[in-house]
Amino acid sequence: MGLIVLDPTRGAGEVSRPLAQRGAPPARIALVDIRKPRGDVFLDELAALLRERGHAVERAAKPTFTKPAPADVRREIAERCDAVLAALAD
């Protein structure tokens, strides 16, 4: 059975669609703290769960949530990691 997707833009009814093909899981995942309150707490938990599943996890942080991450931080993440997740908690 495929994934059941409920479309909020249409009338009642279920649509069954197959999952998209997946590549290899990322070897190294960057978790970026954008410096919103409690985002670090969320990322701590997420890092633990990812590590339990065998992923290498790196942490990065922006200086402040009001500005984009500096170019050197973005470049380092891009060079070292296969995927990026950012915490947007408040």
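Throughout, read-outs are computed from the coordinates displayed, never taken from laboratory work. Just so you know, these numbers come straight off a predicted model, no measurement behind them. Here the Cβ positions follow ideal geometry from the backbone for every residue, glycine too, while neighbour counts run over all protein chains shown.
Go through the stretch 11-72 and name the GluC sites (Glu not before Pro) that are in a DSSP coil and have 16 or fewer other Cβ atoms within 10 Å of their Cβ.
Glu14
Only loop residues by DSSP count here, and only those with at most 15 other Cβ atoms within 10 Å; note down the trypsin sites (Lys or Arg not before Pro) in the stretch 37-86 that meet that.
Answer in residue order: Arg38, Arg53.
What shape does the stretch 22-87 have by the C-alpha gyration tensor, where a ≥ b ≥ c are the square roots of the eigenvalues, rounded means a/c under 1.5, and otherwise prolate means a/b greater than b/c and oblate the rest?
Here the stretch 22-87 falls in the oblate category.
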